[in-house]
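Since every read-out is calculated from the coordinates, none of them should be taken as a lab result. Note that the structure is a prediction, hence the values are computed from the model and not measured. Positions of Cβ are backbone-derived with ideal geometry, glycine not excepted, and every protein chain shown enters the neighbour counts.
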Amino acid sequence: MTAERTTTGREQHQMANTTTAAQVSRREQRRRQHHELSRAQLLDAAEEVFGRKGFYETTLKFKCDVIIGVPTGYELTATTKPYMRSTFALVYSEKHPEFKAFKGPEDLLALPQDKLHKMRIGIFGHSPAADWLLAAGLIEQAEMYQPQSGDPKETANTIVARDLASGKIDVAVVWGPIAGQLVRDHSGWTSVPFKPDAKIKFDYEMAMGLRQGEKEWQETLDQWIGSHHEQINQILTAYRIPLLELTPAKPGA
């Protein structure tokens, strides 16, 4: 009888410890989820404020006369004629031999379903990549990264390079210049670009940003871009950036 009571007491103690651990675990999970949500909201807000009130306004007002790399028609600056049109791309390493035959991102979706649904796909929030995965029914397989990590030493390149090299993700969908640098810096890595799509905007024309109202300076930059188009393309191609043909200028533009 004594042995039976001792065993029962031990079991009850273990059950109590297990219950307490489970409660702590659930509380910890909720705390972490709340922390990550708060952090994500804070980063998004900071990015919005910095993007609209900080970088462009401060740069053009006090520091520089031109900003390289803004979308054509950008609302916060005047813009030159575009010097580049690039697109998002799918990046992968040599770890998956079956990827060697890929001609485009659509080939990833053509993999056998059992293999496709085991893939981890690295994407950045607020990008066409998320829309693509949603349309393909693969958003649950996304490894989602914040557009701004909050760490000045972390960039889109370092984040994707680390996770792709370690096998945490199998592929990544990133903006063309990022894809180009990743492929250029890692032997055996490959990128395949997204084609223009009527439903999801993958491609963008990039220009130089300048202060509103500086017509003479804008004309000078436009002339320089126009006269150096071939040299610009050579540089971009050397960095393995996927390029598309620029949209023809409208008559009189």
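Roughly what percent of Cα-Cα pairs across the stretch 211-253 reach past 15 Å? Could the numbers behind the result be given before it?
Details: 532 of 903 pairs.
The answer is 59 percent, as a whole percent.
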Log10 I(q)/I(0) at q = 0.12, 0.20, 0.24, 0.28 Å⁻¹ for the stretch 141-215, from Debye over equal alpha-carbon scatterers, is -0.46, -1.02, -1.25, -1.40
In nm, spacing of pseudo-spin labels at Gln212 and Leu109 (7 Å Cα→C-beta vector)
4.0
Cβ neighbours within 10 Å, averaged per peptide: list 73-84, 158-169 in order, most packed at the top.
73-84, 158-169
With Pro248 itself left out, Lys, Arg at +1 and Asp, Glu at -1 over residues whose Cβ is under 14 Å from its Cβ give +1
The stretch 89-193: C-alpha gyration tensor shape, a/c 1.5 cut-off, then a/b vs b/c:
oblate
